[in-house]
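Beneath this line is the structure, given in structure tokens, with notes to follow.
The values are calculated or read from the model by the stated rules, or taken from the named source; none is laboratory data. These numbers were taken from a predicted model, which means no experiment stands behind them. Here Cβ is always computed from backbone atoms with ideal geometry, including for glycine, and neighbour counts include all displayed protein chains. SASA here: full protein model, heavy atoms, side chains in, ligands and nucleic acids out. Shrake-Rupley method; radii C 1.70, N 1.55, O 1.52, S 1.80 Å.
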Amino acid sequence: MYAIIAGIYIAQIAGAQTSTEALLAEVEVVSRHTFSDVIPSQTLSGETLQRLSTLNIADALRYFSGLQVKDYGGVGGLKTVNIRSMGSHHLGVYYDGIQLGNAQNGQTDLGQFSLDNVEEITLYNGQKSSLMQTASDYGNAGNVYIRTREPKFRHGEQTHFRSKVKYGISNMLSLSAVLEQKLSPKVKSAFSIGTLTSNGRYDFRYKRRNYDGTIAYDTTAVRQNGDVQLIRFEGNIYGLMERGSWNLKAYTYQSNRGIPGAIVNNNWYNGERQTDSNNFLQGSYQMDVTSLYTFRALAKYAYYYTHYRNLDPRLQLTDNIYRQQEGYFSTTHALELLPWLNMSMAYDLKWSRLSSDMMTCPTPTRWTNMVSLAASLSLSHFNAQASLLYNNTRDRGEPSVTGTAPVGLMNDVSRFTPALFLNYYLLQQNSHRQALPGGQRSYAQRSLSVRAFVKNNFRMPTFNDLYYKEMTTSVLRPEKATQYNLGLQYDWHAPTPASHVASGASAGQAPAIETLHFQADAYYNDVKDKIVAYPGGQQFRWTMKNFGSVHITGIDAEAYIRARYADLHAGLRLQYTYQKAIDVTDEHRANYRHQIPYVPWHSGSIILDAEWKGITLSYSFIYTGERYNQQENIQRNYMQPWYTSDLSLSYQWVMKRTEMRATLECNNLLSQDYDVILNYPMPKRNFALSFQVSM
């Protein structure tokens with residue numbers, strides 16, 4: 001599917017032989033090989049993202065149900081995401097359609113990606129319904145899709161420019177700029193650059209109790225070694241063809257940061273530092289070859305450089321460099337067999353290579369081939385999607401400098417993973433509301449649907465799991481999981497255009513609800529051969545083993561309402577998650593049927609915003625309930641619930657065709673002391689001020 005935006009040549013859309021240029025409202029042209037979503041998504045986009053007190057992608061994902069963000073504190077701290085208690089390795093993160101990879105440890109640090117040029121973030125549990133997706137899309141328990149802003153030009157416009165400056169906690173100064181240029185009627189470009197510096201220092205309270213309940217420590221200190229200096233650059237070129245589109249993207253991220261480390265036994269300083277250089281080049285090409293057949297190709301090359309140092313004189317000095325290369329190629333073919341039946345086939349090839357200057361670390365190379373077959377059925381009240389993914393992985397390894405041969409090679413691992421998604425509409429109704437000028441009619445839309453899916457998936461052991469001498473074993477099996485889901489969704493949309501818009505809203509007009517949405521899902525996940533680490537005979541030496549088995553039962557619920565009263569627009573978004581994730585590995589162990597670490601039974605969020613004549617007030621609340629930081633659910637490992645309230649106030653105005661926005665944020669409004677991860681304290685109350693100019 002591809003979108004064609006207002007301001008382009010209408011003749012090129014239709015394929016006519018004319019050069020007449022016309023101005024339209026935004027138009028979306030959709031490939032025929034699509035159908036209604038079987039499993040709807042959770043989405044944050046546009047103004048909602050701007051209103052949140054968020055700095056990066058990880059901050060925004062905290063507002064999705066079913067996700068837990070592990071935040072190690074500070075502006076430059078590591079931030080990873082866990083989906084429905086299955087672990088970060090089971091979540092795929094896609095940046096403009098292509099997965100962000102990391103074969104070294106299988107986790108993507110989402111703190112490295114800014115929101116300055118992001119248009120939309122979408123979460124799918126299971127997989128998304130579109131058939132125009134890569135084979136790797138079918139291989140994850142859930143996927144996050146990050147879509148950057150594509151330029152939209154009105155008639156006569158050639159250039160857009162947007163810049164933003166933000167200052168906040170820890171002397172954090174963030175500068176960003178975006179330049180959009182229309183190169184021709186068919187080609188446009190977008191370039192963005194951003195820098196951030198911070199000393200990483202912030203006040204926190206450190207309070208710990210002894211086993212008998214007495215207070216061991218209770219003091220206020222300043223977080224150390226959390227400084228960060230980084231720069232990002234991204235360039236995009238978008239092209240349109242008579243029956244398709246293409247895109248080319250270049251991205252680079254350079255950073256030098258301290259790693260704050262854990263606060264243990266009154267030790268405030270950590271000597272770890274890390275330098276990163278992440279670079280990738282990717283491209284996409286899509287065409288409707290005929291009215292029944294659509295083709296898409298994707299390609300990517302990535303190079304990651306990491307320099308890790310531990311300069312703490314009390315510990316063993318460490319100075320290691322890691323280099324990772326990744327190559328990726330994918331093709332997708334979608335065919336419309338009947339108006340209500342579509343099929344697709346996709347093939348992905350991935351290549352990953354990791355090298356290090358560690359004397360004992362071998363150089364592994366991984367080849368992955370994936371083939372997917374999918375079919376979709378779309379009837380008036382019933383939608384279905386079935387898919388089958390074949391995954392073949394083969395590792396090769398070169399000996400280390402000392403001659404150590406890699407052990408645990410995944411010589412030839414093949415798996416078939418099927419999935420089935422069903423959706424049935426109990427109610428689909430367009431009710432007549434109003435006749436509009438020109439003989440048009442306006443309708444309110446209501447729908448009520450039930451859905452279900454079952455899916456198998458697995459994840460390969462990472463290079464860290466298999467080949468690092470400190471964490472190695474002779475054999476590891478892939479981690480397997482089965483997902484079951486049953487859900488309900490209700491949607492109501494006001495007539496478009498709504499009556500108060502068509503007739504002109506007045507100050508005395510009654511409040512009008514524009515959108516009402518509710519969805520809830522109950523799910524059960526069975527994870528087997530879970531890969532875990534345990535002490536292996538010597539202190540500080542760990543061994544990787546397959547012996548984990550986890551049963552996960554949960555409920556995700558989300559509600560959203562948008563309303564208008566005269567010039568006042570308001571929205572309320574509620575999200576709630578219940579999860580019971582228990583370890584059922586061994587009934588003879590002390591932690592049998594205990595909740596796994598860091599998974600709360602209850603969590604949720606609230607987003608409330610109101611906009612009036614350019615003034616926007618936004619309030620967001622995040623709650624994480626009680627949980628445990630170790631495998632045994634005993635008082636020693638108990639962590640109290642935490643919650644944060646964030647408030648932002650912004651004003652937007654126009655001066656000589658230049659749009660300006662000033663925003664004041666107050667984060668952790670109640671100044672609560674809390675840890676997301678034990679001994680990694682988060683900041684207390686803090687403020688930020690930003691100013692944005694768009695022209």
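Some points to look at:
- Paramagnetic label zone (point 7 Å from Cα along Cα-to-C-beta, Met695; backbone N under 16 Å) in the range 179-223: 179-181
- Across the range 244-306, Cα-Cα pairs farther apart than 17 Å form 64% of the total.
- Förster-model FRET efficiency, 22 Å R0, Tyr217 and Asp312, C-beta, rounded to 0.05: 0.60
- Charge tally around Thr616: other residues with Cβ under 11 Å, Lys/Arg +1 each, Asp/Glu -1 each, net 0.
- Each residue, Val289 and Leu568, gets one label point 7 Å from its Cα in the Cβ direction; the gap between the two is 5.7 nm.
- On full extension, the segment bounded by Ser277 and Gln158 gains 39.5 nm, given 0.36 nm per residue less the C-alpha separation.
- Where labels lie 7 Å past Cα in the beta-carbon direction, separation of Met345 and Val165 in nm: 5.7
- Percent carbon-and-sulfur accessible area, the range 252-341, ignoring ligands, DNA and RNA, probe 1.4 Å: 62
- For the set Val289, Val527, solvent exposure ranked by accessible area (probe 1.4 Å, protein chains only) runs largest to smallest as Val289, Val527.
- Surface accessible to a 1.4 Å probe, Lys350 within the full protein complex, Å²: 50
- Estimated translational D of the range 216-354 in µm²/s (Stokes, Kirkwood radius over Cα pairs; 20 °C; 1.002 mPa s): 111
- The residues of the range 227-344 have, on average, 45 Å² of accessible surface per residue, using a 1.4 Å probe with all protein chains present.
- Solvent-accessible surface (1.4 angstrom probe) belonging to Glu157, in square angstrom, nearest 10: 60
- Full-stretch length increase - Ser549, Thr515 - with 0.36 nm per residue and alpha-carbon distance subtracted: 8.0 nm
- Taken per residue, the accessible surface of the range 608-695 reaches 54 Å², heavy atoms only and a 1.4 Å probe.
- Quotient of Cα Rg and 2.2 N^0.38 Å for the range 189-267, N being how many residues it contains: 1.97
- Relative to the current alpha-carbon distance between Leu179 and Phe233, full extension at 0.36 nm per residue lengthens the span by 18.3 nm.
- Principal semi-axes in Å for the range 114-221 [√(5λ), Cα gyration tensor, largest first]: 43, 27, 9
- Accessible-area composition of the range 649-695, carbon plus sulfur, in percent [1.4 Å probe]: 64
- Candidate residues Leu377, Leu292: accessible-area rank, largest first, probe 1.4 Å: Leu292, Leu377
- The range 550-695 - Debye-derived log10 I(q)/I(0), Cα point model, q = 0.09, 0.18 Å⁻¹: -0.44, -1.08
- Reducing the range 108-129 and the range 284-344 to their Cα centroids gives an inter-centroid distance of 14 Å.
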